[in-house]
Amino acid sequence: MRVLAPILLWLPAALSITIRSPSFVSYDSYQVVRVKTGQHLRTVQEKLSTLSYEQWNHDIHHHIDILLAPGQLSAFQDLAIDYHVMHENLGDSITAESELKARWKRDFGDLSWYDSYHPYEEHKQYFDDLHAAFPNNSEIVSSGSSYEGRDIYGLHLWGDSGPGKPAVLFHGTVHAREWIAAPVNEYIALQLVTGYNAGNNITQLYLNKYDFYIFPFVNPDGFVYTQTNERLWRKNRQPGPGNSTAIGRDINRNWEFGWDANPLGASTNPASQVYKGEAPSDAPENKGLDKFVRKLRDGAGIKLFIDWHSYGQYILTPFGYKETLYAPELGKWTKAASIVSETIRDSSDAKTTFTFGPSGATLYTTTGAAPDHVYSVGRAEWSFTIELPDTGDFGFVLPPDRIRGTVEEQWAGQQALWELLDEEFFDGEGPAIYLGM
Ligand SMILES: [Zn+2]
């Protein structure tokens, strides 16, 4: 179904992704490398301690992914450690990533949307168009405003008998540089709308059972900043406390539940990438999202919550704040995660697989993170973090030609997951599932 009116509102085609600030960080001649660790972790860390670099990953038992400035490259090579290059020249990779292909016809039904990355305003329009194509079964919703006043918009979708069913809630792009999260959210919304409109029974069944609330950008200021100034920005754009000149809180360390439970789970340093804020929900984005979560909880309840991130290919469940604490639902969550991973592997040419388990034990400790909060305070029956591809060929700067395959395989994975939400399939049947495959 084509909707003509909104298409007329599109701005003239932009040649590049957005207007870059004169202070845009080019990363020209910067390299990203994956250093092998394993049993040599301590030696490798000692050698690296002589350099200055930015670390991309947190789980360093097998490898450390690091960003090196041009001035560090020869000293790095002198360390004689085992590594391979992820980005030969990160500046070139970022430039290639941001070149908008002119093919997209500015119509949400044109799948070439998923062949490139786009500016925030175009994403917003994309959801307005999806809503216009599904006027009686959807509404644009908002969880409030970002620090810089951008709307944290979402699409609420429902089926035959009107809104009011248990919620499936998605948050994307809480970390600004994780660009692949938004297209995944958008593709799932697109499939729901077009499938329902086309009379697809299974899609209609999902929408008749659940109300979907899909928020592709819960950190819009950070996302815009990654396009105008600094591709690798992670946090929001809120100034630090007091006299601090540091900018940004990590919205995914700012949730109330477990906010102060473990000093290893976040940072109290405003300059840190994982700065937790001065108090729970003192990031305006978090405040609005939390209010929305509580509203859903007090309504028909939350069936499923997913916080979409990249990278690493993990499906993680509570708890993050304490690695030895296992929720009573862990068995069913783990089994479901294994089925999602298998489904995705079988559906994709890339044979993508995911590591799964409780996030603290599987990956690393996090306090004030969304899945713990939406499970514990929001009482979500199912609560996940999904770390999207890849596993480290490109990391955060995933080339545009990887978008389409990624969104398609996630759609396959979600359908498998939604089949399981009301099943009693795990009650004492089947083989035991061991964590941390
Ligand atoms: Zn993230």
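The values are calculated or read from the model by the stated rules, or taken from the named source; none is laboratory data. A quick note: this is a predicted structure, and the numbers were derived from the prediction, not measured. As a convention, Cβ positions derive from the backbone with ideal geometry for all residues, glycine included, and neighbour counts pool all protein chains shown. What goes into the accessible areas is simple: the full protein's heavy atoms, side chains included, and nothing from ligands, DNA or RNA. Shrake-Rupley method; radii C 1.70, N 1.55, O 1.52, S 1.80 Å.
Odds and ends about this structure:
- Count of the stretch 388-419 residues, restricted to those that are among the β-branched types (Val, Ile, Thr) and under 21 Å from residue 338 (Cβ atoms), is 2.
- Failed item, numbered, when residue 261 is tested on (1) assigned to a loop (DSSP other than H, G, I, E, B); (2) within 16 Å of the ligand (Cβ to nearest atom): (2)
- Any hit, the stretch 146-156, residues being over 30 Å from residue 187 (Cβ atoms) and within 19 Å of the chain's Cα centre (by Cα): no
- Residue in the stretch 98-117 that is open to solvent by 20 Å² or more (accessible area, probe 1.4 Å) and polar (S, T, N, Q) present: no
- Of all residues in the stretch 391-402 being under 27 Å from residue 323 (Cβ atoms) and open to solvent by less than 20 Å² (accessible area, probe 1.4 Å), the one that is farthest from the ligand (Cβ to nearest atom): 392
- Residue check: residue 244 meets all listed conditions (1) open to solvent by 20 Å² or more (accessible area, probe 1.4 Å); (2) within 15 Å of the ligand (Cβ to nearest atom) but one, namely (2).
- Some residue of the stretch 358-373 being modelled with pLDDT of 95 or more, under 30 Å from residue 84 (Cα atoms) and away from the ligand (no atom under 16 Å from the Cβ): yes
- Residues satisfying the criterion are absent from the stretch 195-213 (criterion: within 16 Å of the ligand (Cβ to nearest atom) and either within 22 Å of residue 371 (Cα to Cα) or within 22 Å of the chain's Cα centre (by Cα) (or both)).
- Which listed residue, of 330, 388, is open to solvent by less than 20 Å² (accessible area, probe 1.4 Å), touching a residue at least 12 places away in the same chain (Cβ under 8 Å), within 16 Å of the ligand (Cβ to nearest atom) and of a type outside the set (Phe, Trp, Tyr): 388
- The set of residues in the stretch 31-69 being β-branched (Val, Ile, Thr), in contact with a helix residue (DSSP H, G or I) (Cβ under 8 Å, 6 or more places away or on another chain) and more than 16 Å from residue 393 (Cα to Cα) consists of 37, 50.
- Here residue 236 qualifies as outside the structural domain of residue 311 (by TED's automatic domain parsing) and either more than 10 Å from residue 275 (Cα to Cα) or away from the ligand (no atom under 13 Å from the Cβ) (or both).
- One residue stands out among those in the stretch 35-72 that are of a type in the set (A, V, I, L, M, F, W, C) and in contact with a Ser or Thr (Cβ under 8 Å, 6 or more places away or on another chain): the one that is farthest from residue 310 (Cα to Cα), which is 44.
- Per the listing 259, 308, 255, the residue uniquely aromatic (Phe, Trp, Tyr) and over 30 Å from residue 420 (Cα atoms) is 259.
- Exclusive hit being in contact with a strand residue (DSSP E or B) (Cβ under 8 Å, 6 or more places away or on another chain) and away from the ligand (no atom under 14 Å from the Cβ), set 378, 405: 378
- Cβ separations smaller than 7 Å between residues 6+ apart or across chains give the following pairs from the stretch 29-42 residues that are open to solvent by 40 Å² or more (accessible area, probe 1.4 Å) to residues that are in a strand (DSSP E or B) and not acidic (Asp, Glu): 30/67; 30/68; 36/63; 36/83.
- Evaluated against (1) open to solvent by less than 30 Å² (accessible area, probe 1.4 Å); (2) over 25 Å from residue 276 (Cα atoms), residue 204 falls short on exactly one condition, (1).
- Of the candidates 302, 306, the single residue that is in contact (Cβ under 8 Å) with a residue 40 or more places away in the chain, touching a strand residue (DSSP E or B) at 6+ places or on another chain (Cβ under 6 Å) and within 15 Å of the ligand (Cβ to nearest atom) is 306.
- Yes/no for residue 177 being within 16 Å of the ligand (Cβ to nearest atom), not β-branched (Val, Ile, Thr) and not assigned by TED's automatic domain parsing to the domain that holds residue 276: no
- Every residue from the stretch 260-311 that is open to solvent by 30 Å² or more (accessible area, probe 1.4 Å), touching a Lys or Arg at 6+ places or on another chain (Cβ under 6 Å) and of a type in the set (Lys, Arg): 297
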